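Just below is one structure, and these are the notes that go with it.
Just so it is clear, none of the values below were taken in a lab; they were calculated from the coordinates. What you see is a predicted model, and the numbers here were worked out from it, not measured in a lab. Cβ placement follows ideal geometry from the backbone for every residue including glycine, while neighbour counts extend to all protein chains displayed.
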Amino acid sequence: MSALDSRVMEPNNSAAPAAFRSKSLAGLLALLAGTLGAHRMYLGARWWWIYPMLAMPALGLALASDDWIRHPAFFVALLVFVGTALEAILISLSRDEHWDARWNAGLEQRSDSRWGPVLVAIAALMLGATALMSFLAIALETYFAALQAGGR
């Protein structure tokens, strides 16, 4: 076998991750620190800093006002949280084979997920649904209060 043939048959390990990336840990980071971009940084995403650039100034603007829970910037930060909760669900419920092919290509160790990702997905669903219902309740209450005040 020539040198050219051996290079063609070997997988390209230049894009292989330096370390094993756990699906459970990535999902947990997305749930607990997703607005800081922790899960994206853990996975080596290039644009991991987008989430904190959206959520942190928005949260700061909202907390600087008197009625922070009804401030439009609070809704932006809340939507970033709902998005990261959705990412936690998608990460946790991805098949092990697909996860390893994308994030652990070229490594000997393989994912063998059991209850960890399932529990993360359940927690993310509960917290994300609660945040989304809170978002809708506050937004609709503010909208109808404004309609009522305008009609007087």
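For 59, 140, 32, 90, what ranking results if the residue with the fewest other Cβ atoms within 10 Å of its Cβ goes first?
Working: 59 21, 140 10, 32 17, 90 13.
In increasing order of surrounding Cβ atoms, one gets 140, 90, 32, 59.
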The rounded separation in angstrom of the Cα centers of the range 37-80 and the range 84-152 is 15 Å
How far, in nm, would the chain grow between residue 118 and residue 53 when pulled straight, counting 0.36 nm per residue and subtracting the alpha carbon separation?
20.5 nm
Given unit charges at Cβ for Lys, Arg (+) and Asp, Glu (-), the dipole magnitude of the chain about its Cα centre in debye, nearest 20, is 140 debye
Which one of 92, 109, 65 is farthest out on the positive end of the charge dipole of the range 40-152, using unit charges on Cβ (Lys, Arg +1; Asp, Glu -1) and the Cα centre as origin?
65
Computed over the chain: relative contact order in percent, which uses C-alpha pairs under 8 Å that are six or more apart
28 percent
Where does each of 42, 51 land when they are ranked from fewest to most other beta-carbon atoms within 10 angstrom?
42, 51
Of the candidate values [x] 16.9, 63; [y] 15.4, 45; [z] 21.1, 87, the one computed for Rg and Dmax of the Cα atoms in Å from this structure is [z]
Using a cut-off of 11 Å between beta-carbons, work out the net charge of the residues near residue 21 (Lys and Arg +1, Asp and Glu -1, residue 21 not included).
+1
Ignoring everything except DSSP H segments at least 4 long, calculate the 222 nm mean residue ellipticity for the chain; use -39,500 (n - 2.57) per segment, divide by total residues, nearest 500.
-22000 deg cm²/dmol
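Scan the range 101-139 for chymotrypsin sites (Phe, Trp or Tyr not before Pro) in coil per DSSP, keeping those whose Cβ has at most 16 other Cβ atoms within 10 Å, and list them by number.
On the way: sites: 103, 115, 135; in loops: 115.
Hits after loop and neighbour filter: 115.
If you take the beta carbon distance between residue 19 and residue 90 as r and set R0 to 30 Å, what does 1/(1 + (r/R0)^6) give as a FRET efficiency, to the nearest 0.05?
On the way: r = 22 Å, r/R0 = 0.73.
E(calc), rounded to 0.05, equals 0.85.
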